[in-house]
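Following: one structure in structure tokens, then a few remarks.
The values are calculated or read from the model by the stated rules, or taken from the named source; none is laboratory data. These numbers come from a predicted model, not from an experiment. Because the Cβ atoms are built from the backbone with ideal geometry, glycine has one as well, and the counts that use them run over all protein chains shown. Remember, those area values only see protein heavy atoms, side chains included, never the ligands or the DNA or RNA. Shrake-Rupley method; radii C 1.70, N 1.55, O 1.52, S 1.80 Å.
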Amino acid sequence: MIVLIARRFILALITLLLISIIIFLGVEALPGDAADAYLGQSATPESLRALREEFGLDTPAHQRYLNWLGDMLKGDLGDSMARRKPVSEVIGNQFRNTVVLAAAAAIVGIPLAIVLGVFAGLTRDKWPDILVSLVAILGMTLPGFVTATVLIYVFSIRLEWFPAIAMVPTDAPVIEILPNIFLPIITLTFIMVAHILRLVRTNMIEVLVSNYVQMARLKGVPAMRIVFLHALPNAMLPSINVIALTLAWLLGGVAIIETVFNYPGIGKLLINAIGDRDLALVQGIAIILAGIYIGVNLIADLLALVLNPRLRTSRGH
Amino acid sequence: MSKNLIEVENLSIGYYNKGGKLVHVLKNVSLSIKPGETLGLVGESGCGKSTLGQAMMGYLRLGSQVMEGSILFSGKDMFGLSTRDLESIRGNKIALIPQNAGEALTPTMRVGKQIIETLELKTNVSGAATKNRMIELLGQVRLPHPEVMAERYPHELSGGQQQRVVVAMALAGQPDMLVLDEPTTGLDVTTQAHILELLRDIVAELGTAMMYISHDLGVIARVSDRVALMYAGEIVEDASAAEIFKSPAHPYARGLLASIPRLELAGIPNSMPGQPPIPGSLPGCSFTPRCPFATEICSSEPPELKMILQTPHLVRCHNWEKVVATDFSQELKDVYHIVEHKAQDVSAIELSDVEITYHQPNMIDRLRRTPEPPATVSDITLDIKRGETLALVGESGSGKSTIVRTISGLLPAKSGVIQFENCDLTVNVDKRTMDLCKKVQLIFQNPDASLNPRHTVAEIIDQPLKLYFPKMTRDERRARQIELLERVRLDGRYRLRYPGQMSGGEKQRVAIARAFAAEPDVVLCDEVTSALDVSVQAAVLDLLADLQQERNTTYIFIAHDLAVVRAIADRVAVLYQGRLCEVGTVDEIYSPPYHPYTETLMGAVLVPDPDTEPKLLASDTPELAPPAKGCAFQRRCPKFINDLCDEVTPPWQYPQDEDGHKIRCHIPINELLVV
Ligand SMILES: Nc1ncnc2c1ncn2[C@@H]1O[C@H](COP(=O)(O)OP(=O)(O)OP(=O)(O)O)[C@@H](O)[C@H]1O
Ligand code: SF4
Ligand code: SF4
Ligand SMILES: [Mg+2]
């Protein structure tokens, strides 16, 4: 068991390292460098050289990668040239804002998805299932910005319940942010629920026809108890990893939603940074997103390990 | 006469197929069981046994419905009850023990917890007493270390242990009746015999009634007071166990009994041609197409289930008087036929000192120099003659399939030599020449797993033809396909069918035809008949014997059923934990002196005769790995002597001469002669 966990950890670290190399090389491959981008039209050979020296851009690539990596381990993501500030400082609050948005969506969305998925699975092919599944398919197939636009139209333009944009000061306290971001939360939740629900439904249906559920029924176990004790845990096991993937995707895909709602989160920041060719910032955000992605999957793996007796116990065969 | 506990009255169950047509599964079934009585329900696969068993619990498969009739349990109509009432009767008054215990236990719940669940829901035991009762129940089904077992998850138990847990779970609610659906099918003979004895004891002690469903007549003979025989959704005979086995009055009963290979009789039994029709699809008697007694009236008028003689013996047959008038025991003696074939005195395959292991030391093991565990299969020396059938027998885990997989090149041998013609067969299959692959063919236990469901029979048989006979033209191949299908007694029309459109026996024949398409010298048969009904099994055995006679093929035949082995094999090698215990001709193996393990296996065989008891010699505790030294059987041996068995590998002993029968045991031959 401990060996298993250790192995997963090491694997995650190696993946992260590889990704950091890829990100570095990716940015490196872009034509021009940070100094070009920063000085733009006003660049003269002298100013370029000076700037390159200032930022250490004239050392060989592998050297720079190692420096970057070393700094990163110390928590220093380098300096943003466009913004003339340390990257970590630029990211700081925006990252927090994204986490607030994603966490709120996940807290509402995951339980809701599971409940709806179980419900649809139980009423398979009857109208509650058909209704739920239909809406879910919509959520899965519509592009995020379409969903967002429709929701804006309905909830803020027609019903005027929530503000259409979530323009809050970047450093506003969480309490102040929340009332302003109902719509982005609903949009994200909707998309997420759609994905997770479909999966939970499929697994539930599979488990409900299994021999052990039939056995529990013939043992005279009440229906509700069968669902929660015998069926649900077994239906959830294969779902955990996909939920993790959905969550991780949520963090990446959040960029579009943030842009639509003009919400100062990391996704929007990333899009801005790309526009500004603020390479250090792009690298920093990319590595953070990659870290979260890997982290969430790692947690899911560990959770599956804890919940699945087959993986957990090595006793027997 | 005491009152009936359960009464099935004129029950018909059916479902509507895709075309909207009503298809019967059960047709006018009537039977009853008294408190404390055990009714055995037998019939071929698909005849509706499970459907009836589930209906007794008030359960219908999805899509099925009751067309007619009722089931009264303690006077209550099982299909008229509310869900609530059903929930409270199930597990409490009537409980199910299903076939595959491994699948019937919830994988994420500890087994103790699953029993406690029944206790909490179905009895008034509560608090700390629940746990004690659970442990007590696990002890009652003779699980070793109940406290430890209770904490395990289903996948951490062996098949036999899982089945015991399910029995304990069923007993937890102290039901008046148990419905058992093939509870021992798929278990080793020894485990099966132990579980059956356990059930018999418990039922006798608690006075529980049982409805025991099985296709195995040996099992039915052992447990039943009364037997109901089912054919195509109908009860065709219902009588006391003694009567149905000694003087069956329905031609179907006679046919089934005559198709069972017997431990005490050499030779292959008669096979019953054909297969059951869809219930109610024939205007007259459903058995007409397969019945040797059929007369004109049979194909037009359905017979009634009626009482014959004075005893409570019900039979559904127009001509039962004629059937009863023919002497059954004489008839039985005549059906077993020995297919003569001549094994030549030339070696086909010679195994010397073969050792096979699944253990692959990883880095840590190598660094730490962890001693290697004993090899899964070790010290196998066997000389198999051309045209001979050598059977490998032993319980699950004894390494039978491992040896066969190595011979076929799927698994490397750790050491030793397997000599075949001029080559060594220990090399991997992808390093073998085409010619070598062609000469050694393998047939598996489960045709469903080995036949591609998306290929037609023609395509399936065409593959080896194309591969091994590249010069054959298309028409030649086609002609050969038809010829091969005829050899396995399938009509040429089967060429265009898919595996899904055939019965188990037919699929197995296609698998055999595919193996023989390569014109092999050696065929490895891994449990090829164990998934088949007895009636079909006999046909497949016959077929294998015929093919062998024709081409002088060598067979290595794996089976756990000792009666089947007796029917087909020339020589037998008994294996325990990958070590040979005894090797000899069929006659030598099936009579004393026995190796203690052979004796244990023989003792556990259930014969279709209610008066014969099995002899349970050794416990059925499964072993995960062979012992490091001494005799492989030391831990379970009923004749265990002393440290000698633990420490010293026993010597081979030869009752006659060194080329013949040999037994590996420390006990002298003359003592082994005493059974
Ligand atoms: N709802 C249903 N839909 C389609 N087919 C069904 C349905 N219920 C039963 N059958 C069919 O009815 C037949 C009888 O089934 P049942 O499981 O009772 O047979 P069985 O005698 O227990 O067979 P086995 O020995 O293989 O377990 C089978 O061919 C089965 O496929
Ligand atoms: S009724 Fe006729 S066909 Fe049916 S079992 Fe009797 S003799 Fe055979
Ligand atoms: S050697 Fe000993 S343990 Fe092995 S079979 Fe003989 S008596 Fe039993
Ligand atoms: Mg069945």
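Once you keep just the Cα pairs under 8 angstrom separated by 6 or more residues, what percentage relative contact order results for chain B?
Computed over chain B, the figure is 13 percent.
Ignoring everything but the protein chains, give the 1.4 Å probe accessible area of B:Tyr358 in square angstrom, nearest 10.
We get 110 Å² for B:Tyr358.
Place a point 7 Å from the Cα of B:Ala266 along the Cα-to-Cβ direction; which residues of the range B:364-388 have their backbone N under 19 Å from it?
Counting backbone N atoms under 19 Å from the label point, the list is B:385-388.
For B:Lys414, what is the net charge nearby, where nearby means another residue's Cβ is under 11 Å from its Cβ and Lys, Arg count +1, Asp, Glu -1?
-3
What number, in nm² with one decimal, is the all-direction average of the projected area of the convex hull of the alpha-carbon atoms of the range B:116-207?
6.0
How would you classify the protein assembly as shown from its alpha-carbon gyration tensor, with a ≥ b ≥ c the square roots of the eigenvalues: rounded for a/c under 1.5, else prolate if a/b is greater than b/c, otherwise oblate?
Here the protein assembly as shown falls in the prolate category.
Hey, if you put +1 on the Cβ of every Lys and Arg and -1 on every Asp and Glu Cβ in chain B, which of B:Pro292, B:Gly409, B:Val219 ends up farthest toward the positive end of that dipole?
B:Gly409
Would you mind putting B:403-415, B:633-645 in packing order, based on average other-beta-carbon counts within 10 Å, highest first?
B:403-415, B:633-645
I'd like the mean, over residues of B:103-116, of how many other protein chain beta carbons sit within 10 Å of each residue's own Cβ.
Taking the mean over all residues of the peptide, I get 5.
What shape does chain B take by its C-alpha gyration tensor, where a ≥ b ≥ c are the square roots of the eigenvalues and a/c under 1.5 counts as rounded, a/b above b/c as prolate, and the rest as oblate?
Taking the square roots of the gyration eigenvalues as a ≥ b ≥ c, chain B is oblate.
In what sequence, highest mean first, do A:121-131, B:500-510 appear when ranked by Cβ atoms within 10 angstrom?
B:500-510, A:121-131
Using +1 at the C-beta of Lys and Arg and -1 at the C-beta of Asp and Glu, which of A:Leu289, A:Leu269, A:Leu245 has the Cα lying farthest in the positive direction of the dipole of the range A:245-313?
The Cα lying farthest towards the positive end belongs to A:Leu245.
Over the whole of B:155-164, what's the average partner chain Cβ count within 10 Å per residue? Rounded to a whole number, please.
Partner-chain Cβ atoms within 10 Å, mean over residues of B:155-164: 2.
Using unit Cβ charges (K, R positive; D, E negative) and no other charged atoms, how large, in debye to the nearest 20, is the dipole of the range B:94-174 about its Cα centre?
My answer is approximately 100 debye.
Could you work out, for the range B:155-274, what percent of all Cα-Cα pairs fall into each 10 Å distance bin, beginning at 0 Å and stopping at the bin that holds the largest distance?
Once binned at 10 Å, the Cα pair distances of the range B:155-274 give 11, 39, 33, 15, 2.
Please arrange A:Leu51, A:Leu303 by accessible surface area, largest first, computed with a 1.4 Å probe and ligands excluded. Mind dumping the intermediate values first?
Values: A:Leu51 15, A:Leu303 90 Å².
Ranked from most to least accessible, the order is A:Leu303, A:Leu51.
Enter the angle in degrees (range 0 to 90, nearest 10) between the Cα long axis of helix A:127-141 and the first principal axis of the Cα atoms of chain A, meaning the one along which they spread out most.
10
If you take every residue apart from B:Thr311 with its C-beta less than 14 Å away from the C-beta of B:Thr311, what net charge results, scoring Lys and Arg +1 and Asp and Glu -1?
Net local charge, B:Thr311 excluded: -1.
So for chain B: antiparallel DSSP bridges make up what percent, rounded to the nearest 5?
Bridges in chain B are about 60 percent antiparallel.
Using a probe radius of 1.4 Å on heavy atoms only, what accessible surface per residue do you get for chain A? Whole Å² is fine. Walk me through the intermediate numbers first.
Details: 16120 Å² over 317 residues.
In whole numbers, chain A has 51 Å² accessible per residue.
Averaged per residue, what accessible surface does the range B:94-174 expose to a 1.4 Å probe, in Å²?
Ligands and nucleic acids excluded, the result is 35 Å² per residue.
Am I reading the B/A interface right? What is its buried accessible area, both sides, 1.4 Å probe, to the nearest 100 Å²?
For B against A, buried area totals roughly 2700 Å².
Considering Cα pairs under 8 angstrom that are at least six residues apart, work out the relative contact order of the range B:94-174 and quote it in whole percent.
The value is 46 percent.
Taking the DSSP beta bridges in the protein assembly as shown as the whole, what percent of them are antiparallel, to the nearest 5?
Restricted to the protein assembly as shown, the bridges split so that about 60 percent are antiparallel.
Got a number for the accessible area of A:Phe9? Probe 1.4 Å, square angstrom, nearest 10.
Accessible area of A:Phe9: about 100 Å².
Can you check how the C-alpha radius of gyration of the range B:61-105 compares to 2.2 N^0.38 Å, as a plain ratio?
This ratio for the range B:61-105 stands at 1.36.
Please give the average number of partner chain Cβ atoms lying within 10 Å of the Cβ of each residue in A:206-218, rounded to a whole number.
Counting other chains' Cβ atoms within 10 Å and averaging over A:206-218 gives 6.
Highest mean first, what order results for B:4-17, B:462-475 on Cβ atoms within 10 Å?
Going by the mean number of other Cβ atoms within 10 Å, highest first, we get B:4-17, B:462-475.
What is the magnitude of the charge dipole of chain B about its Cα centre, with +1 placed on the Cβ of each Lys and Arg, -1 on the Cβ of each Asp and Glu, and no other charges, expressed in debye to the nearest 20?
Dipole magnitude for chain B comes out near 1940 debye.
Can you tally the net charge around B:Glu68? Count Lys and Arg as +1, Asp and Glu as -1, for every other residue whose Cβ sits under 14 Å from the Cβ of B:Glu68.
-2
Quick check on the range B:593-675: take the gyration tensor over C-alpha atoms, sort the square-rooted eigenvalues as a ≥ b ≥ c, and tell me if it's rounded (a/c under 1.5), prolate or oblate.
The shape class here is oblate.
Pull out the extension gain between B:Leu673 and B:Arg368, defined as 0.36 nm times the separation in residues minus the alpha carbon to alpha carbon distance; nm, one decimal.
105.0 nm is the gain from fully extending B:Leu673 to B:Arg368.
How much accessible surface does A:Arg198 have with a 1.4 Å probe, in Å² rounded to 10?
Taking all protein chains as shown, A:Arg198 has close to 70 Å².
State to the nearest 20 debye the size of the charge dipole of the protein assembly as shown about its Cα centre, where the only charges are +1 on K and R beta carbons and -1 on D and E beta carbons.
2220
Mind checking which of B:Thr612, B:Ile641, B:Tyr594 is farthest towards the positive end of the range B:593-675's charge dipole, using Cβ charges of +1 (Lys, Arg) and -1 (Asp, Glu) about the Cα centre?
So the residue furthest toward the plus end is B:Ile641.
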